[in-house]
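The values are calculated or read from the model by the stated rules, or taken from the named source; none is laboratory data. If you're wondering where the values come from, they're calculated on a predicted model, not measured in any experiment. Here Cβ is always computed from backbone atoms with ideal geometry, including for glycine, and neighbour counts include all displayed protein chains.
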Amino acid sequence: MEGDEGFVFDNHPQTEDTTYGMFAIRRTICQMLEDRGYVLPPQDSEELTLPGFKSRFQGKMNKDLTILASKADDPEKKIMVFFPTNAPDAKSRKLSVESVREVIKIMKEQSVPRGVLVVESRLMNHAQLTIDTEAEQHRIANDREWRIEIFLASELKVNITRHELVPQHYVLTEEDKKTLLKRYHLQEKHLPRIQKSDPIARYYGLERQHVLKIIRYSETAGKYVTYRLVA
């Protein structure tokens, strides 16, 4: 595939396919953050277009893709999205311990409790262990907000929640969850389950005990509402 009309990123000319893939991944990330209730920076809150992406990131580096956003209802709750890569001379495409430590360092410096890593391939075992160890230290300190999520770039080229066959999903607040259980005289254990590893649960960044409201429409049944407890 020929180069994309001179679009250079990370010191390399990019093909048309690669450029569009980068654009699509960032668009999905921005949509995901907004669907989680985060307010994007002004430069990211506008509808992202391919020409706009190319203009903004021409000649930039991977670190320039980083996004910092805050919750609409609590600006102190922040999240950072990183697109980390290893050093140019690295022997593996898997993200290294050094790259993960740099991400954790930045999160600490900016007091950000939640991070998302967009990577090309699975992390090295020691890199994943570094994240798990850091999370455990925060858990011991009773800081349960701290978390780093991992997404493969290939998972984000298409926003699964925007597909016409995927029903609408809404995350219930704790108050809405209590109202639901009280209205139908239910306990949590009575609700159908959705796994924490499910792509939809991961998209919304859900933890165990969260509840999803799912709305489906059909020509025969009309509007059909179900609920799922994250397990």
- Note on the structure: Quick count over region 114-133, residues being crowded, with 19+ Cβ neighbours inside 10 Å and closer than 23 Å to MET32 by Cβ, is 9
- Message: What's the total number of residues in region 185-231 that are over 27 Å from ILE29 (Cβ atoms), of a type outside the set (Val, Ile, Thr) and part of a loop (DSSP other than H, G, I, E, B)?
- Response: 7
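Taking region 44-96 only, how many residues are farther than 30 Å from ASP143 by Cα and assigned to a helix (DSSP H, G or I)?
From region 44-96, those farther than 30 Å from ASP143 by Cα are 46-61, 87-93; that's our starting set.
Subsequent filtering for residues that are assigned to a helix (DSSP H, G or I) retains 50-57.
Total meeting the criteria: 8.
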- Query: Out of all the residues in region 140-147, is one or more of a type in the set (Lys, Arg), touching a Pro at 6+ places or on another chain (Cβ under 9 Å) and modelled with pLDDT of 90 or more?
  - Reply: yes
- Task: Taking LEU181 as meeting all but one of (1) free of Cβ contacts under 8 Å to residues at least 60 places away in the same chain; (2) out of contact with any Pro (no Cβ under 9 Å at 6 or more places or on another chain); (3) surrounded by 14 or more Cβ atoms within 10 Å (Cβ to Cβ); (4) closer than 17 Å to ASP35 by Cβ, write down the number of the exception.
- Result: (4)
- Any residue in region 102-116 that is part of a loop (DSSP other than H, G, I, E, B), without any contact (Cβ under 8 Å) to a residue 24 or more places away in the chain and farther than 17 Å from LEU156 by Cβ? no
